[in-house]
Every structure is written in structure tokens, then in C-alpha cells.
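Just so you know, all these numbers are worked out from the coordinates, no wet-lab data involved. What you are looking at is a predicted structure, and each value in this text was computed from that prediction instead of being measured. Cβ placement follows ideal geometry from the backbone for every residue including glycine, while neighbour counts extend to all protein chains displayed.
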Amino acid sequence: MPHVLPRVGAATPSRPSVVVAGRYTLLDQVGTGGMGSVWRAHDERTGHHVAVKVLGRHSSALLARFVREQAIRVRHPHVVAPQGWAAEDDLVVLVMELVAGGSVADLLREHGPLDAGTAALLLDQLLQGLSAVHGAGLVHRDVKPANLLLEATGDDTPHLRLGDFGVAAPVADRRFTTVPGAIGTDGYMAPEQARGAPPEPTQDLYAVGRVGLELVTGLPPARQREVPSHPLRPLLERLLVADPEQRLATAEAALRLLRRLPVPPAAYAPVPDRLGPAPGRRRAWVGPRDVDWVGWCAVAALLAVVAGCLRVLLGWAA
């Protein structure tokens, strides 16, 4: 029988949550994208909350992207890669860590241009994550603010994590290009990527330059012009070179340059918990692990009281 997902918002007491693969209880929808929806879920095996990406329409192209993303296994503090996957009936899901602070896109919408110190910090963390991705022989191909997730750190130091590996591909693998089409997001793609060139790490670095320019100006790529006078200008100009042969070649080289720049201390913009507490869940099926022990204890206590009253009444009657 096909699954019916709970309505967007949360599972209500009158409508049980969907349980996928007998393990992941979908609680509330926390995001959406071209491939489907993202849900907060409870992992019944570990007891932890996780993020579950639910595949939308099951076309062959979407399934291919889903399987490719499932294959990403990069373990790094500044990367959110899939931990596993599951399939049941008409649902196919990817499972990954739950990141509660929204994205850099949210941060920009709320605060506009960021101070030089905060922009440098976020770029530093992004380049660290990309270094790990490139070291694994992969090109992300869709670096943009919406894919840069943030931990809910409050007023503490922001913690960025690169996510969404749906179009990631092995370095220089022509099987993952479409000519004359382009894979990526308009405005953030390097010129050669937009022309359908095979995946190369320098394409991600161009996107970092676009992201960096957005951080310091608050303007999306379509409205960006030349790099303004700014402490990060030497880095951004080296990343935004149109000729990939003249662009900074590696994330490590970009990091070295960034860390040499005279950037003032960061004045952190707060990153709140944008998800809030997890909603309660009512399971769609019951098994040995689903026993409500608190409820049974309450029933047992009530039965004990009733039994005591009966004993007293019977004693009086005698």
C-alpha cells in the first residue's frame, strides 16, 4: 500500500506519523528542494533525530541522482553527507545528520551583508569542507548559500556545513556532464561549467568566490558587479577569474591566502535553532519497542488502588 506523508507542519495526534523501513518515523517537514522534501525524523534504532530526504517523483534521472548522492561518504566537521538510505514501497529516502540553524541564505536574508570577519570565518569553514570533498576525488558542483547549512550555535561562533550532494561527481568524469546543458545553479557556476566542461575542483572555487561576494555585498550573482574595496578582495578576485588556468587551483591554496589577509575580528550574527523542539509522534505501527512503559505503569498503579479499595470494602462487608 503506498505511503501517504503527513501534511506539512507536523504529525498530529489524530494522524500517525509515517514509519519508513520500520525505522525512521517522519515527524515534520523542514525543507524542500528539486529532488523532494526534507523531514525531521526519529531513528527508532538509535533514538536520535535525523534529517530524511524523501524522493519526489520516481523518474530515472531523479533515482540516478539519489543513488549518486547516497554514495557520498565524506566525514568532516564542515560537511553534511548522507549516512545511509532506505526504501519501502513507493518511498526512497536518504538519511543524514539534522542541522537546525538553517542556511547561509537564511542568514543573508535576515542580516544583509555580513561583516568582514564573519564572512572570512564562513569562507574558511567552506574551504575546509571543500578540501575534504576534493580530497575524496569529488566535485560538489552546486556551492551556493542555500546549500551551506548552519548549526544552531546561538550567539557563539557560526559553524558551517556543506550539504546537498545531489549533483556531485567524480573529478573530470565526462559521464556526469550534459552538453550543451549545464549542471549547477545559474550565477554560481564557473564559465566553463556553464559550457558543460567535465567536473573540476576549480569550478567549486569559482562558486566560493560568488558566495564570498554575496556575503560581503548582500547581492545575489545576477546583481553583482566588480569586487569592491574590501579586506577579502584579494581572495575573491583570485577565485572569480574566468580562465580556470589562472584561478586558484585548490581549496588549500585559497585557505592559505585567506588566512594571510588582514581581516578584523568577527562580529557574529546569531544563528538560532530554526527547527524548534521536535513534535510528538504517534506511531503508525506497534512492535515490542513501542510499548509505552510510562502509560502501563500508570495503569498498573490505578489497578493497585482499585484492588486496595476492594479489599477494604470486602473487609467491611465481612
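For a Förster distance of 35 Å, can you work out the FRET efficiency between the beta-carbons of GLU245 and ARG73, rounded to the nearest 0.05?
That gives a FRET efficiency of 0.65.
What is the extension gain from LEU257 to GLN83, computed as 0.36 nm multiplied by their sequence separation minus the C-alpha to C-alpha distance, in nm to one decimal?
Contour length minus Cα-Cα distance gives 59.4 nm.
Given H placed on each backbone N at 1.01 Å, which residues far from VAL80 in sequence or on other chains put an amide H within less than 5 Å of it?
Those lying under 5 Å, H to H, from VAL80 are LEU162, GLY163.
Can you tell me the relative contact order of segment 187-237? Whole percent, Cα pairs under 8 Å, sequence separation 6 or more.
Across segment 187-237, relative contact order equals 34 percent.
Assuming R0 = 41 Å, what is the FRET efficiency of ALA267 and ALA172, from their Cβ-Cβ distance, to the nearest 0.05?
Given R0 = 41 Å and the Cβ-Cβ separation, E is 0.50.
Using square roots of five times the C-alpha gyration tensor eigenvalues, list the equivalent-ellipsoid semi-axes of segment 104-260 in whole Å, biggest first.
Semi-axes from the Cα gyration tensor: 24, 17, 15 Å.
By how many nm would the segment from ASP186 to ARG274 grow when fully extended, if each residue of separation counts as 0.36 nm and the alpha-carbon distance is taken off?
Difference between extended and current length: 29.0 nm.
Under 5 Å between amide hydrogens, which residues at least 5 positions from ASP28 or on another chain qualify, with H placed 1.01 Å from N in the peptide plane?
So ASP28 has HN proximity to ARG40.
Go ahead and run the numbers for FRET between THR157 and ARG195, Cβ-Cβ distance against an R0 of 35 Å, rounding to 0.05.
0.35
Using Cα pairs closer than 8 Å and at least 6 residues apart in sequence, work out the relative contact order for segment 104-260, in percent.
26 percent
Ordered by packing density, taken as the mean number of other Cβ atoms within 10 Å over each peptide's residues, highest first, how do 182-193, 268-279 rank?
The packing order, highest mean first, is 182-193, 268-279.
Once phi is turned into ³J(HN,Hα) by the Karplus curve 6.51 cos²θ - 1.76 cosθ + 1.60 with θ = phi - 60°, what whole-Hz value does each residue of segment 60-70 show in order, with x for glycine and proline?
With coefficients 6.51, -1.76 and 1.60, one gets 4, 5, 5, 4, 4, 5, 5, 5, 5, 5, 4 Hz.
According to a simple spin-label model (label point 7 Å from Cα along Cα-to-Cβ), what is the distance in nm between ARG223 and THR46?
4.0 nm
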